[in-house]
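Here the structure comes first, spelled out in structure tokens, and everything after it is commentary.
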Amino acid sequence: MSDTLVGIEYNRVTNTTSTDFPGHSSGDDHAWDIEKFKDTFEIDISHLTERTANFDLVHIDTSVANAFRRIMISEVPSVAAETVYVFNNTSVIQDEVLAHRIGLIPLKVDPDSLTWIDPSLDEKDRFTDENTIVLSLDVKCTKNPHPPSGSTDPKELYNNAHVYARDLKFEPQGRQIELFKNNPVVASDPDILLAKLRPGQEISLRAHCILGVGSDHAKFSPVATASYRLMPVINIIEPIKGKELTQKFQKCFPPGVIGVKDDEAYVKDSRRDTVSREVLRHPEFDGKVKLGRRRDHFIFNVESTGAMSPEEIFFKSVRVLRNKAEYLRNCPINE
Amino acid sequence: MSEDTPMADVTVEKEQEQEVDLEKVKLLPGSSDDGAAASFQVIDEDHTLGNALRYIIMKNPEVEFCGYSIPHPSENKLNIRIQTYGNITAVEALHQGLDNLSEMCTVVEEKFSEKIQAGNYNTVAP
């Protein structure tokens, strides 16, 4: 087990690369064995909410864990506004800036309910009820005839002074009336500010939302963040005793990492550690503690933008990687 | 193929042919005559597949060397070099690697859905 421990010293890291290959050492054989992988590979979910997930992948290589992370960010498809047709915009925010802002609004649409667009088609034939969601935005700012006396707040003085993502209205096309009857398309975060208006100004536009991937544009990425860190390890070699010393030791780590029992420090929860290396700066702890990280223990954190649940995004990333491998397997190799 | 193949079969075959990309992967110069060593170039792939595939091919005991590179960051090309000890060809090693990678993904997917179904996790963020 200690061969998967990355050493973290004051000014260097050690033992960072995987060596689990046949022929690397005479001991274990390390050849790929699916049954062995089934037995050793572990997943441990610590929390799973509508928007965030935190789970551990244990005994998997960095290259594969990193592939899942990269795919979640840039290759799991989702829906975003791609084309905006502006009919009228007398606000101070320019058409192209407004269009960009609308593109970045995360939408609550199941990506599986749409098909891919065919970019080779002419623009007038490209969008159908199978591949496009139409949203419209029609707002006009007016004066509030009876504002509260003495108010200087634009929200009270005017109607529609602020335009929010919730003002985008879903316009179901064709079969979408049936298909999206129970879950109409809305912005997943309704309170995103799109523009500010003053009396007499108005915005009227229509947005076409399509499927895309994050590698094409970040607006198509289904995750706000998808990241992993390696499991921290704190190894106390020599006992740390005494009220003053244990307190100082505790303060070198985030709260909850180090506990004190019978006036002696012990590692309570190393998972909470940020590996700040603060403890290595103090001469009194010199040689008493070793820091490290498990090279094959990944703590994933996935935050969804709202279209899909985070576990679904992870599932899709696994499927995308498998499809890549299977697709390439079936491709003929050109000489 | 015999002359009297039913029409249905022909169309199915045509669809499958259209699905595979003839330009996706090609053999680069520098392969040995026995096929034990070869380099491949894959179009439209990056470190995501490259590094994972390199790892799984290196885990094959018949493979002596495997490495990958992205020759230029603005070209969507992935080069993979495979050298075997001679018992299998580089193409076989590549195919075994791809098969192993997809079975690995199947295990990950199964384990994850098992854990989701088992529940046993917090549904509120700490």
Residue match in segment A:194-202 (condition: under 30 Å from A:I117 (Cβ atoms) and in contact with a Gly (Cβ under 8 Å, 6 or more places away or on another chain)): no
Any hit, segment A:131-138, residues being of a type outside the set (D, E), open to solvent by 40 Å² or more (accessible area, probe 1.4 Å) and not in a helix (DSSP H, G or I): no
Any hit, segment A:59-80, residues being open to solvent by 10 Å² or more (accessible area, probe 1.4 Å), more than 9 Å from chain B (Cβ to nearest Cβ) and touching a His at 6+ places or on another chain (Cβ under 7 Å): no
Failed condition for A:N159, given (1) away from every other protein chain (no Cβ under 14 Å); (2) touching a residue at least 24 places away in the same chain (Cβ under 8 Å); (3) open to solvent by less than 70 Å² (accessible area, probe 1.4 Å): (2)
Per-region count, segment A:22-41, residues crowded, with 16+ Cβ neighbours inside 10 Å and either within 30 Å of A:S215 (Cβ to Cβ) or polar (S, T, N, Q) (or both): 3
Single condition A:D44 does not satisfy, out of (1) in a helix (DSSP H, G or I); (2) at the interface with chain B (Cβ under 9 Å from one of its Cβ atoms); (3) open to solvent by 60 Å² or more (accessible area, probe 1.4 Å): (1)
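Considering A:F285, A:F253, A:F298, which residue is in contact with a Cys (Cβ under 8 Å, 6 or more places away or on another chain), on the phi < 0 side of the Ramachandran plot and in contact (Cβ under 8 Å) with a residue 24 or more places away in the chain?
Working: A:F253 fails: in contact with a Cys (Cβ under 8 Å, 6 or more places away or on another chain); A:F298 fails: in contact with a Cys (Cβ under 8 Å, 6 or more places away or on another chain).
Matching residue, one of A:F285, A:F253, A:F298: A:F285.
Please tell me if A:D125 is without any contact (Cβ under 8 Å) to a residue 40 or more places away in the chain and among the charged types (D, E, K, R).
Here the answer is yes, as A:D125 does meet what is asked.
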Near pairs, Cβ below 9 angstrom, 6+ apart or cross-chain, from segment A:320-335 (farther than 9 Å from B:K24 by Cβ) to any residue that is open to solvent by 20 Å² or more (accessible area, probe 1.4 Å) and polar (S, T, N, Q): A:R322/B:T106; A:A325/B:N100; A:N330/B:Q16
Failed condition for A:A226, given (1) part of a helix (DSSP H, G or I); (2) within 14 Å of chain B (Cβ to nearest Cβ): (1)
Some residue of segment A:296-318 being within 12 Å of another protein chain (Cβ to nearest Cβ), over 30 Å from B:A125 (Cβ atoms), modelled with pLDDT of 95 or more and open to solvent by less than 60 Å² (accessible area, probe 1.4 Å): no
Answer residue from segment A:81-92, given it is over 15 Å from A:F220 (Cα atoms) and among the hydroxyl-bearing types (S, T, Y) and is nearest to the other protein chains (Cβ to nearest Cβ) among those: A:Y85
Residue in segment B:55-64 that is more than 10 Å from chain A (Cβ to nearest Cβ) and crowded, with 16+ Cβ neighbours inside 10 Å present: no
Qualifying positions in segment A:84-119 - in a strand (DSSP E or B) and either open to solvent by 30 Å² or more (accessible area, probe 1.4 Å) or touching a helix residue (DSSP H, G or I) at 6+ places or on another chain (Cβ under 6 Å) (or both): A:V84, A:Y85, A:V86, A:F87, A:N88, A:N89
Matching option when the condition is touching a strand residue (DSSP E or B) at 6+ places or on another chain (Cβ under 9 Å) and of a type in the set (A, V, I, L, M), among A:L280, A:L321: A:L280
Options B:E109, B:E114; residue that is closer than 20 Å to A:I313 by Cα, within 7 Å of chain A (Cβ to nearest Cβ) and without any contact (Cβ under 8 Å) to a residue 60 or more places away in the chain: B:E109
Residue in segment B:82-97 that is under 21 Å from A:L48 (Cβ atoms) and more than 7 Å from every other protein chain (Cβ to nearest Cβ) present: no
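The values are calculated or read from the model by the stated rules, or taken from the named source; none is laboratory data. Keep in mind that this is a model prediction, so the values were computed, not measured. Glycine gets a Cβ as well: all are built from the backbone with ideal geometry, and neighbour counts include every protein chain shown. The accessibility values were calculated without ligands, DNA or RNA, using every heavy atom of the protein model including side chains. Shrake-Rupley method; radii C 1.70, N 1.55, O 1.52, S 1.80 Å.
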